Ligand SMILES: Cc1cc2nc3c(=O)[nH]c(=O)nc-3n(C[C@H](O)[C@H](O)[C@H](O)COP(=O)(O)OP(=O)(O)OC[C@H]3O[C@@H](n4cnc5c(N)ncnc54)[C@H](O)[C@@H]3O)c2cc1C
Ligand SMILES: NC(=O)c1ccc[n+]([C@@H]2O[C@H](COP(=O)([O-])OP(=O)(O)OC[C@H]3O[C@@H](n4cnc5c(N)ncnc54)[C@H](OP(=O)(O)O)[C@@H]3O)[C@@H](O)[C@H]2O)c1
């Protein structure tokens with residue numbers, strides 16, 4: 001009898017729901033600084049691979065009014081546009097307002113997901129070409145994790161090259177496992193058609209390939225290592241996502257190769273997006 005009363009009480013309690021709530025399905029911790037998670041995809045959410053959305057949690061109550069406001073940050077959608085769920089790849093900033101809490105989410109929890117995807121790292125913002133380069137540092141790999149699984153990328157390009165640089169080897173693991181999965185999975189390998197090349201490097205821990213993306217491009221080391229011709233504005237297209245200094249430095253290098261920055265409204269040879277705001 002007591003048990004029944006308890007059940008009724010639980011059932012009649014209102015379930016707290018967030019505005020634009022999305023339920024967490026899975027969380028993976030890659031090291032003490034990085035994690036990825038999957039959430040349910042709202043049925044109405046349409047996006048182009050490479051775009052970002054605002055996600056977050058409710059902030060702490062205002063000490064005066066007790067009211068809570070959403071605490072939102074920009075996040076690249078790391079899953080491709082055809083996937084049933086949405087995936088995100090995140091930093092854990094120790095004192096970061098959002099990620100100091102977001103890193104503790106568990107399956108079944110809810111996050112806020114504003115369903116308005118935007119961004120410049122989309123295939124439509126580039127002129128047609130033969131080779132597509134993804135240049136990423138740190139969590140800047142997230143939009144490319146989406147694009148690397150999109151059939152449109154492989155329909156439009158003969159070769160797709162991912163250059164990803166992190167300080168330490170463990171920070172490359174998310175990308176390494178994803179590339180391995182794309183190459184071995186029955187459906188994804190059919191989409192990829194053997195066109196994806198992967199060039200990971202570290203800068204502060206010993207690894208078989210080392211050095212900044214910028215240095216490996218300027219010195220020509222990446223072309224030598226992959227046995228390919230240098231970047232040519234006739235054939236090569238680029239997408240850039242890293243910290244502000246990285247983006248600026250790589251833009252100067254791409255400009256030097258004769259490529260021009262494009263946008264959704266004016267497609268050219270490369271596009272850029274910040275991986276975070278410094
Ligand atoms: C267009 C866009 C897309 C983004 N996509 C992603 C994404 O897919 N994954 C992701 O983890 N972050 C992404 N970010 C950064 C994200 O919006 C937040 O800054 C991050 O989640 C940290 O939030 P926070 O509130 O904990 O700390 P914030 O107060 O937002 O940041 C505190 C400081 O932490 C550092 N920092 C923040 N984000 C990063 C990062 N990603 N890598 C390294 N240092 C960082 C910066 O120095 C920043 O000043 C993106 C940012 C932009 C502008
Ligand atoms: N990653 C860590 O182990 C670590 C640990 C503690 C704290 N943090 C802090 O977290 C923040 C983000 O660190 P992060 O490692 O994720 O991102 P990051 O500082 O952007 O570095 C990521 C990678 O990008 C390279 N890079 C940075 N600027 C570049 C440029 N202008 N041109 C070419 N390559 C460039 C770095 O090489 P270089 O190594 O040559 O700079 C590194 O390999 C920083 O404020 C950092 O102090 C990081």
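Which residue fluctuates the most in the chain, going by a Gaussian network model with Cα springs under 10 Å, if the choices are 43, 125, 142?
Looking only at 43, 125, 142, the biggest GNM fluctuation is shown by 43.
For a quick check: sort 85, 208 by the number of other beta carbons within 10 angstrom, fewest at the front. Spell out each step's value before the answer.
Details: 85 14, 208 8.
Ranking 85, 208 by Cβ neighbours within 10 Å, fewest first, gives 208, 85.
Tell me the angle of helix 244-256 to the major Cα principal axis of the chain, expressed in degrees between 0 and 90 and rounded to the nearest ten.
That works out to roughly 30 degrees.
Please find, in a Gaussian network model of the chain (springs between Cα atoms separated by less than 10 Å), the residue of 26, 180, 171 whose mean-square fluctuation is greatest.
Most flexible of the set in this elastic network: 180.
I need the P(r) histogram for region 195-260: all alpha carbon pairs, bin width 10 Å from 0 out to the longest distance, whole percents.
Binned Cα distances yield the sequence 18, 54, 26, 2.
Only helical DSSP H runs with n ≥ 4 go in: add -39500 (n - 2.57) per run for the chain, normalise by residue count and round the 222 nm mean residue ellipticity to 500 deg cm²/dmol.
Counting only the DSSP helices, I get -7000 deg cm²/dmol.
Over 26 Å, how big is the tail of the calculated P(r) for the chain, in percent of all Cα pairs?
Counting pairs separated by more than 26 Å, the tail of P(r) holds 45 percent.
Stretch residue 25-residue 183 to full length: gain in nm at 0.36 nm per residue minus the Cα-Cα span?
54.4 nm
Pick from 214, 203, 137: which is most flexible by mean-square fluctuation in a GNM of the chain where alpha carbon atoms under 10 Å apart are linked?
So, out of 214, 203, 137, the one fluctuating most is 203.
What is the calculated FRET efficiency for residue 207 to residue 95, with r their C-beta to C-beta distance and R₀ = 25 Å, to the nearest 0.05?
0.30
What angle, in degrees between 0 and 90 and rounded to the nearest 10, separates the Cα long axis of helix 2-12 from the longest principal axis of the Cα atoms of the chain?
With rounding to tens, the tilt is 50 degrees.
Ranked by Cβ crowding within 10 angstrom, fewest neighbours first, how are 40, 84 ordered?
84, 40
Just so you know, all these numbers are worked out from the coordinates, no wet-lab data involved. All figures in this text were calculated on a predicted structure; none of them were measured in a lab. Ideal geometry is used to build each Cβ from the backbone, glycine not excepted, and the neighbour counts take in all protein chains shown.
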